[in-house]
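First the structure, in the form of structure tokens, and then the observations on it.
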Amino acid sequence: MRVLVIGAGRTGAKVLRQLRKNPAIEVVTADPRQELYAVEEGIIEKVDIREALTPLTLKTVFEEARPDLVLLAMATEDLGLGKAPGVDILADALRDELVALSKVPVIEVSRVRR
Amino acid sequence: MPENHIRSRDYLDGSLGVEAQARAEAHLAHCPHCRRRVERLQARRARGSGGAAARILGRFALSLLRGELTIVEPLMANLRLKKGEAPAAEAEPLSPLRVLRPRVVGGVRNLWRFLGRFGLVLVLTGAVLLLPTPEGLSAAGHRGLAAFIFTAAILALEPVSLPIAALMVPVAQVALGVATAPQSFETFSRPVVFLILASLFLAEALRKHGLSRRLALATIVASGGGIGPLLLGIMGISAFFSMWVGNTATTAMLIPVALTISRQIPDKEDAREMLALLALGIAYSASLGGMVTILGAAANAVASGFLAEIMDWTFLDWMKYGLPSFLVVFPLTWVLLFKLMPVAVARLDVEPAREQVNGMGKMSSVEREILLVLTVTACLWVGGPFFETLLGLPQSLFSAAMVAVMAVSYMAIREIIDWEDLKGISWGIFLIIGAGLSLGEALSRTGVTDWFATLIGPLVTGPSLLLTLIVLVMVSALLTNLMNNTTIAAVFVPVLIALARDNPALDPVQLVLPVTLATTFGYSLPSASGRMALMASTGMVGRGTMMRYGLIMTIASSLSLAVLFYLLARFHLI
């Protein structure tokens, strides 16, 4: 099974550590940021796709990753949206939109309680 | 995607990282624009300290007014449509965006700047106190004027976040001797404050159960795919929601839907244009929808609070003027936006949206129940007093705030929302409205509003009503780009009420409503409202675009609003 993990920050690192327990799971990671906790910690060497998952990039990322399952492991503050009011609601709505648009199962593992 | 020029000051200061410095040098090799800027800065520094003091002072003053420079990694940098483009992380950071919000205090320099901003608030307040008491103003009024300056300065300069700045307002009033503690806090418990809070709770129910998305997608399907109807549809939904729930929350909920629509366009630039058009449409209409009801905006709540003090003022009374204003300005905004921001695509396929709607299945019982509750609530908001009389119920049982609290209670009992959901709402609005009302009360109590009214009376009552309305509305609309809407309402409304009281030819509603409604038209800067800050921080709309179209919209909307209220007054409909 191919699992696409979105986010290689602290939350993504936790997810990746767990997924490593089962070598049969093929993991693909995506994160647009340059400094990544999961890389710094040596959990992964590098991210496979330097891209953020949004409704606009969904098709491209999925074509590249061909996942059977997607895990959203990127906290709101890591989305690079700044601190404007309503950003939390926007981030939640973006995740909901991705979940609805995706043809493969998408599971959120980092939804921050507002 | 705008070209990512280097920041010449950082480059010359050597404050960029090693990699960023190398990238900047590579960029300079082929960018004459940046080379010129670097050379100019180098030359300026080489000229030495001539006029340095003035420059430093000027820069300091500008930084106080400008607020935090938030370096935002715009969403658009991550929203690439095609494979093979440069990764976002490798792109140069875009220019900083101007977002008025408190800066994080870290390090001596930042601490000094923080104190500088708060210090300026204190200096301005102290300066007013030290001035001789203006003619016609009592000693208490003089201190009230200082309280006004403190409030206006602290809410405009925001040395701390807005809700905390609002909390300081009662403290300042008591310290200046213009109110006792019970007087200064009394306004925080006004019904209108709870009405706004409850509307935020209702918004949370909409968000939590995805009703806004379903309705937005259904509207897109109904539009048939033509860009004009599609824009109208999404603007209509945005306006409709923001009549009843928070404007910024509405915008945030609908932006992803705009992204979904734009993703159908294969060409990157065309998609970007479409996204900017839809995003601005959503933001503008979220603001405009807020004109219709008392709970549409905090400024409306503050103005209603003051009007309720001098006359019988209900939810329906506000709608009588708010709805016609919306019906005039909303279509105008749609037409202007559609004409000013043409997109390359003439029609979009609505099939994907239809698939999404079908994929969501039938409306769940919870969604239906929420819609029912909102409908009943809206009916009671409008016709509450009528039903009270008809059913012989205790007075004010169906007042707007009570109805809103009952709706929230019902939803909680039915477990549609729970306390955990409500923890995340913008509770700060409660403090901001309370502070706005508290300031207005203090100004009235100390005679400052009467004094202001005497001062500006000849200017307002001298020229024709149309000219007066145009000037007042324009000032309010342009000021709202820089100042908090609630503060504008808190300061202007008591003065306008005093003006109307002294002039039998004027009705308070004639002046208060257009000035308050005009605070909706802050479209030009990120600091104008939460919606515009969101547009800026996501990078969907550039600052130039925001400023250009925002100004046009502000002027056109202000003029039409002023003319509408002039006609209403002329035909004795106010």
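Read-outs throughout are calculated quantities, based only on the coordinates presented, and are distinct from any laboratory measurement. Note that the structure is predicted; figures quoted are calculated from it, not measured. All Cβ positions, even for glycine, are placed from backbone atoms using ideal geometry, and neighbour counts span all protein chains on display.
Between B:LEU559 and B:LEU372, the modelled label-to-label distance comes to 4.9 nm, taking each label 7 Å out from Cα in the direction of the beta carbon. Remark: B:ARG445, B:ARG570, B:ARG263 ranked as B:ARG570, B:ARG445, B:ARG263, counting other beta-carbon atoms within 10 Å and listing the fewest first. Of chain B, which part is the longest with no GluC sites (Glu not before Pro) in a loop (DSSP not H, G, I, E, B) and with at most 12 other C-beta atoms within 10 angstrom? Maximal segment without exposed cleavage sites: B:136-414. Straightening the chain between B:LEU327 and B:LEU459 buys 44.5 nm, computed as 0.36 nm per residue apart minus the Cα-Cα spacing. Only helices enter the 222 nm calculation for chain B: every DSSP H run of n ≥ 4 contributes -39,500 (n - 2.57), and dividing by all residues gives -23500 deg cm²/dmol, rounded to 500. A Förster radius of 60 Å combined with the Cβ-Cβ distance from B:SER396 to B:LEU336 puts the calculated FRET efficiency at roughly 0.90. The relative contact order of region A:2-108 comes to 32 percent, based on Cα pairs under 8 Å that sit 6 or more residues apart.
Taking the number of Cβ atoms within 10 Å of each Cβ as an exposure proxy, the fewest-first ranking of B:SER184, B:SER138 is B:SER138, B:SER184. Non-local lysine pairs in the protein assembly as shown, meaning eight or more places apart or on different chains, with alpha-carbon distances under 16 Å, amount to 8.
The ranking of B:CYS34, B:CYS379 from fewest to most other beta carbons within 10 Å of each one's beta carbon is B:CYS379, B:CYS34.
Our note on the geometry: Cα centres of region B:508-528 and region B:152-185, 23 Å apart.
This model, with +1 at the C-beta of Lys and Arg and -1 at the C-beta of Asp and Glu, gives chain B a dipole about its Cα centre of some 1740 debye. A simple charge model with +1 on the Cβ of Lys and Arg, -1 on the Cβ of Asp and Glu and nothing else charged puts the dipole of region B:384-483 at about 260 debye relative to its Cα centre.
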